[in-house]
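This report concerns only the one structure given below.
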Amino acid sequence: MIDPTAIIDKKAELADDVVIGPYSVIGPDVRIDSGTVIGSHVVIKGPTAIGKHNRIYQFTSIGEDPQDKKYASEITRLEIGDRNTIREFATMHRGTQQDHSVTHIGNDNLFMAYTHVAHDCIIGDHVIMANGASLAGHVCLNSHAILGGFTLVHQFTKIGQYSFAAMGSAITQDVPPFIMVGGKPTKPHGINSVGMERNGISSEDIRLIRKAYKIIYKMNLRLEDAIDQMEELAGDSKELSLMVDFLRNVSRGILR
């Protein structure tokens, strides 16, 4: 299951059925769980933990030192969950002590070719990053979010659940859940109704989220006043309550 040309450090921990392709390098303090397949010419540096049934394609760099001038060889980590697909030339870096010392990636995500996940990013589940999309440090990319090709996300930015960024978006402020953004400059362009429908969100919740979008973006309200109106609208809607919670905790303001 391990090609004879691969270099595996003695301090790496690999499940018995892990596949390692030709000329790949697995460093110390790397742990790879069962069912994961590593292609050729992959470099994985620890401390890095990779879960079950991931597929990592050729020429990727996983767990490398963060691109942060404050980093001084401290022990930090990269954690990758289960069933992720990581395509060619993707790069994922470990965390820094300036945050929580960890970059964390959840389950069932697709990282297309040339994507970049910088230090201290937190990524949920079922996320798609299309070719060339890049996250700067300390970004939170929530579950079911989709970033179109060559989307760039500013450091410390939060991207909400089920949001959608069109190709070439430059995201410099937080994007609330369920919102579509795009254009130059990047601005909101309605709600991601197709994505919500595909993931089983009810038509009533979609109707409420559409009303919430108008409150945020069409009524010229201060964000605090918009949140108050949305809270009254939410009722028992878990999805709209999720949106309210996100807006109460924005860190860089929201794209408006």
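Below are the figures for this structure:
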{"quantity": "Set D205, D225: member being more than 18 Å from I146 (Cα to Cα) and exposed (fewer than 14 other Cβ atoms within 10 Å of the Cβ)", "calculated": "D225"}
{"quantity": "Candidate set: region 49-89, residues that are assigned to a strand (DSSP E or B) and among the acidic types (D, E); chosen: the one surrounded by the fewest Cβ atoms within 10 Å (Cβ to Cβ)", "calculated": "E64"}
{"quantity": "Subset of region 199-256 (residues that are hydroxyl-bearing (S, T, Y) and farther than 22 Å from A165 by Cβ)", "calculated": "S202, S203, S237, S241"}
{"quantity": "When residues of region 1-21 are limited to those that are aliphatic (A, V, I, L, M), under 15 Å from R55 (Cα atoms) and under 28 Å from the mean Cα position of the chain (by Cα), the one surrounded by the most Cβ atoms within 10 Å (Cβ to Cβ)", "calculated": "I20"}
{"quantity": "Meets criteria (surrounded by fewer than 16 Cβ atoms within 10 Å (Cβ to Cβ), assigned by TED's automatic domain parsing to the domain that holds V102, over 12 Å from I80 (Cβ atoms) and not hydroxyl-bearing (S, T, Y)) for K45", "calculated": "no"}
{"quantity": "Selection count where residues are under 25 Å from I75 (Cα atoms) and outside any loop (DSSP other than H, G, I, E, B), scope region 21-48", "calculated": "9"}
{"quantity": "Cross-chain or 6+ apart pairs with Cβ under 7 Å, region 79-108 first and outside the structural domain of I123 (by TED's automatic domain parsing), then surrounded by fewer than 18 Cβ atoms within 10 Å (Cβ to Cβ)", "calculated": "none"}
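The values are calculated or read from the model by the stated rules, or taken from the named source; none is laboratory data. Owing to the predicted nature of the structure, the values given are computational and were not obtained by experimental measurement. Note that we place each Cβ from the backbone using ideal geometry, even for glycine, and neighbour counts take in every protein chain shown.
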